[in-house]
Amino acid sequence: MRIYIKYMVSLRCKMMVQEEIDKLGLQNAVVQLGTVDFPDVIDQDKLEVFRIRLSHLGLELLDDKKSILIEKIKNTITEMIHNAEEQPKENYSQYLSEKLEYDYTYLSNVFSEVNGYTIQHFIILNKIEKVKELLLYNELNLTEIAYKLNYSSVGHLSYQFKKITGLAPSFYKQLKLKRKKNLEDL
């Protein structure tokens, strides 16, 4: 039995879901981002308890097909940008179509209809979050970050970063250094 969970986007979420599964005494569950596979069907009472416990964690079980598909899209994008060592070489629309086995136009229409913004916008938001993370870790320079995230140029990355955050990447990095220095002064 496979169930789908909304807002499950990190390793921490996976650990919390696994804890709840263990508390319910359910055995051999395979927890992935956005899904849990159980070897057997779960009775409705345990499933309802699981639903309630997940809601206390800020997560929710998904029932309808569109919500499940949208969560799959979001999890695939999150996995692709935040957890993959390397970005896919093909364009994102082709990658999503192959990975989810749906036509991209259908994926795009369903996503936009339900969320009110495009898949492309969601991808950009995730990429900017990844840029912020990489800037804060200070391991890569902006050119290396642009290359790692498949930006056509540093200028394109900077433009998108400023459009989304209101700050230039270099200024964002300086803010981090100032905050760190202020904390050291305490």
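The values are calculated or read from the model by the stated rules, or taken from the named source; none is laboratory data. Computed from a predicted model, the values in this text were never measured in an experiment. In this analysis, Cβ positions are derived from the backbone assuming ideal geometry, glycine residues included, and neighbour counts consider all displayed protein chains. Keep in mind that these areas ignore ligands, DNA and RNA; they rest on the heavy atoms of the full protein, side chains included. Shrake-Rupley method; radii C 1.70, N 1.55, O 1.52, S 1.80 Å.
Tabulated results
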read-out	value
Pick from region 60-104, criterion assigned to a loop (DSSP other than H, G, I, E, B) and modelled with pLDDT of 90 or more, ranking: farthest from the chain's Cα centre (by Cα)	D103
Restricting region 168-186 to residues that are at pLDDT below 90 and not in a helix (DSSP H, G or I), the residue that is least open to solvent (accessible area, probe 1.4 Å)	D185
Residue that is farthest from the chain's Cα centre (by Cα) [pool: residues in region 111-126 that are more than 16 Å from T76 (Cα to Cα) and outside any helix (DSSP H, G or I)]	G116
Some residue of region 11-25 being in a loop (DSSP other than H, G, I, E, B), in contact with a strand residue (DSSP E or B) (Cβ under 9 Å, 6 or more places away or on another chain) and either modelled with pLDDT under 90 or on the phi < 0 side of the Ramachandran plot (or both)	no
Unique match (being more than 27 Å from Y137 (Cβ to Cβ) and among the hydroxyl-bearing types (S, T, Y)) among S55, S10	S55
Check on Y92, touching a helix residue (DSSP H, G or I) at 6+ places or on another chain (Cβ under 7 Å) and open to solvent by 30 Å² or more (accessible area, probe 1.4 Å)	yes
Residues being of a type in the set (A, V, I, L, M, F, W, C), out of contact with any strand residue (DSSP E or B) (no Cβ under 9 Å at 6 or more places or on another chain) and part of a helix (DSSP H, G or I) - total across region 26-59	2
Hits in region 95-116 - residues which are open to solvent by 40 Å² or more (accessible area, probe 1.4 Å), in contact with a helix residue (DSSP H, G or I) (Cβ under 8 Å, 6 or more places away or on another chain) and aromatic (F, W, Y)	Y95, Y102, Y104
Hits in region 109-132 (condition: modelled with pLDDT under 90 and over 20 Å from S97 (Cβ atoms))	G116
Which listed residue, of V30, V36, is without any contact (Cβ under 8 Å) to a residue 60 or more places away in the chain, at negative phi, surrounded by fewer than 17 Cβ atoms within 10 Å (Cβ to Cβ) and among the hydrophobic types (A, V, I, L, M, F, W, C)	V30
